[in-house]
Amino acid sequence: MTTNNEMSPRAAWLLILAASAILMITMGARLTTGLFLSPLNTSTGLGVATISFAMAVGQFMWGASQPVFGAVADKYGPARVIVLGAVLLAGGLAATPFVSSEWGLLVTLGVLSAAGAGAGSFSILIGATAQRLPAARRPFASGFINAGGSFGQFVFSPLTQVLIAGPGWIVAMLAMAATTLLTIPLAWFMRGKGPDAKTSADTVAAAGPAPIAGIGLTEQLRQALRDRSYLCLHAGFFTCGFHIAFLVTHLPGEVALCGLPVGVAGTALGLIGLFNIAGSLCAGALSTRYRMKNLLALMYASRALIIVIYLLAPKTALTFYLFAAALGFTWLATVPPTAGLVGKLFGTRYLATLFGLTLLSHQVGGFFGAWLGGLAFVRFGDYSWMWYADILLALLAALVNLPIREAPPARAGLLPAAKA
């Protein structure tokens, strides 16, 4: 039995599965772009630094588009935003093989495809589901949706590598473009706006003033940007973006520097996605039982330790696979607790916009991770200084999450099974 403001278990699962499938496709497309760096360099002769800059702009645009599209989704519903994003993403990818200048890559990879992926990404999808689900079920739903993005990386990374090695990078890029159009029929499940789009009264607020029902977006943004806990989330998420963008862009280059076959990079990126499925589900489940700020601090600190071990280990294929598996467990598992904390602090009415802004900080870090990685390679011939910076930033991110205000979580069950 459900109330007018609560979805049935079956409808809730359909919504979550659709959101997870959309993220699987858009993140699969975004997190495999680094595999095209070397083929693009060979084809265009633009150089690693130039192509890295175009990809870095894409990292920033992916983040910058999310609060904008999130605000549109909050006002008009997410379905139209997702359809528009599919068109932009497919168009940008399909046009990339036909450009050969820096400006051309900036438009296709840096703007069109990145903005399109942002329109079908975390802030829109998690925001849409959070507005339709009770507060106790949102962390699990966020973790499940996030796992979909990781599954996309697991599936598309090795498949893209196979296509690049076989028919060629152009076929691989066009195949990816066609695949992204599958998000259009999935957007049907995201029609309309959830009941929580009108009120945030059921929000479990953190310590401090509770969110005000009926508050306007401008005032909500003003309050959020003055909130220390919200700003701490931004600072930690900056590091997450730096780390992820550096690796998805330059891991193939790191593998090549170690004299290993290019297939090792595709397999390693796939393993990151596979293990992050477990990490995302665990993060979503643990967020209902433990303070999310502590989970975030633990994940960031563990990344620093994992990178130190990687730097000390012999550079074999097995080392890369173990590194990918260990790192993958926390890869994007930071998303459910980060989104959960934003929801606890401010409610779900403008969650797509407010979480979109934290993703913008994430992708500002992503811009520097992708771009500086290319500059470091050109300047020093390897990525050593990037690894050192990554360790330092991960430790700082662990510390900056600790002062966040968060009340102990209410003990709540997970999403109930659908009934026949």
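The values are calculated or read from the model by the stated rules, or taken from the named source; none is laboratory data. Owing to the predicted nature of the structure, the values given are computational and were not obtained by experimental measurement. Here Cβ is always computed from backbone atoms with ideal geometry, including for glycine, and neighbour counts include all displayed protein chains. For accessibility, only protein heavy atoms count, side chains too; no ligands or nucleic acids. Shrake-Rupley method; radii C 1.70, N 1.55, O 1.52, S 1.80 Å.
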(request) Just check region 62-101 against the gyration tensor rule for me: Cα atoms, a ≥ b ≥ c as the square roots of the eigenvalues, rounded for a/c under 1.5, and otherwise prolate or oblate depending on whether a/b exceeds b/c. (result) oblate
(request) Place a +1 charge on the Cβ of each Lys and Arg in the chain and a -1 charge on the Cβ of each Asp and Glu, then give the dipole magnitude about the Cα centre in debye, rounded to the nearest 20. (result) 1080
(message) Students often get this wrong, so try it: which of (1) 1.08; (2) 0.96; (3) 0.99 is Rg/Rh (Cα atoms, Kirkwood Rh) as calculated from the structure shown?
(response) (2)
(request) Could I get the Rg over Rh figure for region 288-349? Both from C-alpha atoms, Rh via Kirkwood, rounded to two places. (result) 1.14
(request) Rank these residues by their accessible area, most exposed first, probe 1.4 Å: ASP74, ASP382. (result) ASP382, ASP74
(request) Give the accessible surface of the chain per residue, rounded to a whole number of Å², with probe radius 1.4 Å and ligands, DNA and RNA excluded. (result) 37
(request) Please list LEU260, LEU247 in order of solvent-accessible area, largest first, computed with a 1.4 Å probe with all protein chains present. (result) LEU260, LEU247
(request) Would you please put 169-182, 131-144 in order of how densely packed they are, using the mean number of other Cβ atoms within 10 angstrom per residue and starting with the highest? (result) 131-144, 169-182
(message) Run the count for the chain, please: Lys pairs, Cα-Cα under 30 angstrom, 8 or more apart or on different chains.
(response) 12
(message) Classify region 229-292 from the C-alpha gyration tensor, please: rounded if a/c falls under 1.5, else prolate or oblate depending on whether a/b exceeds b/c.
(response) oblate
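Find the percent of Cα-Cα distances in region 212-369 that exceed 29 Å, and round it to a whole number.
25
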(message) As a test of reading the structure, rank GLU254, GLU102 by solvent-accessible area (1.4 Å probe, protein chains only), most first.
(response) GLU102, GLU254
(request) Hey, could you get me the Stokes-Einstein D for region 32-152, Kirkwood radius over alpha-carbon pairs, 37 °C and 0.692 mPa s, rounded to whole µm² s⁻¹? (result) 215
(message) Quick check on the chain: helices-only [θ] at 222 nm, where DSSP H runs of length 4 and up contribute -39,500 (n - 2.57) each and the sum goes over total residues. Nearest 500, please.
(response) -23500 deg cm²/dmol
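Express the carbon and sulfur contribution to the solvent-accessible surface of the chain as a percent, rounded to the nearest whole number, probe 1.4 angstrom.
Accessible surface attributable to carbon and sulfur in the chain totals 71 percent.
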